[in-house]
Amino acid sequence: MSYNANAASGMAVDDDCKLKFLELKAKRTYRFIVFKIEEKQKQVVVEKLGEPSDSYENFTASLPADECRYAVYDFDFVTDENCQKSKIIFIAWSPDTSKVRSKMIYASSKDRFKRELDGIQVELQATDPTEMGLDVMRSRTN
């Protein structure tokens, strides 16, 4: 019998989520990926892909103001030693204005979903854009 890691929350992860994440990680094909939970299908799917040239503003504009999402952002920064680096940041976006049920579903499925994406280096929880600002990301990458 095959073990379904997602049986507990009943949430499946679409293969495309993993494929696109691997492309971001290995080839840097995307600047960011926004994932959403399709409640009817009970699975996490890719909602939006950001081009490598997309800005941080494009990314934040891709997150709905009143709905939860998961997102992955490829964050470039320069270290104190002047080295160019990048880290993959996982963001659990859960705005205060989103529905309670939705917040619960996203919260209960998050760790399981994150485990499917091998290579996450930093995790942020954000209820509004200031909690995932570039300054916050920078402080978390040290």
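The values are calculated or read from the model by the stated rules, or taken from the named source; none is laboratory data. These numbers come from a predicted model, not from an experiment. Note: ideal-geometry Cβ built from the backbone for every residue, glycine included; neighbour counts use all protein chains shown. Remember, those area values only see protein heavy atoms, side chains included, never the ligands or the DNA or RNA. Shrake-Rupley method; radii C 1.70, N 1.55, O 1.52, S 1.80 Å.
Key figures
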{"item": "Cα convex hull volume per residue for the chain (Å³)", "result": "112 Å³"}
{"item": "Global form of segment 94-140, assessed from the alpha-carbon gyration tensor, a/c cut-off 1.5", "result": "oblate"}
{"item": "Accessible area of the chain belonging to carbon and sulfur atoms, whole % at 1.4 Å probe", "result": "49 percent"}
{"item": "Residue-by-residue Karplus 3J(HN,Hα) for segment 74-86, coefficients 6.51, -1.76, 1.60, Hz, glycine and proline x", "result": "8, 9, 8, 8, 10, 6, 4, 7, 6, 9, 6, 9, 9"}
{"item": "Test item: Cα-centred dipole of the chain, Lys/Arg +1 and Asp/Glu -1 on Cβ, debye", "result": "440 debye"}
{"item": "Per residue, in Å², the accessible surface of segment 51-98 once ligands and nucleic acids are set aside, probe 1.4 Å", "result": "49 Å²"}
{"item": "Exceeding the 27 Å Cα-Cα cut-off - candidates K27/K99; K48/K99; K27/K103", "result": "K27/K99; K27/K103"}
{"item": "Volume in Å³ per residue [convex hull over Cα atoms, computed for segment 72-118]", "result": "93 Å³"}
{"item": "For segment 46-53, 3J(HN,Hα) per residue [Karplus equation, 6.51 cos²θ - 1.76 cosθ + 1.60, θ = phi - 60°, Hz, x = Gly/Pro]", "result": "6, 9, 8, 10, x, 5, x, 7"}
{"item": "Per principal axis, descending, Cα span of segment 58-142 in whole Å", "result": "45, 26, 18"}
{"item": "Paramagnetic reach from D66 in segment 102-142 [backbone N under 15 Å; point 7 Å along Cα→Cβ]", "result": "102-103"}
{"item": "Whole-Hz couplings from phi, Karplus 6.51/-1.76/1.60, listed for segment 105-116; x for Gly and Pro", "result": "5, 5, 5, 6, 9, 4, 4, 5, 5, 4, 5, 6"}
{"item": "5 angstrom amide H check on L124, placed H, neighbours 5+ away", "result": "F90, I91, A92"}
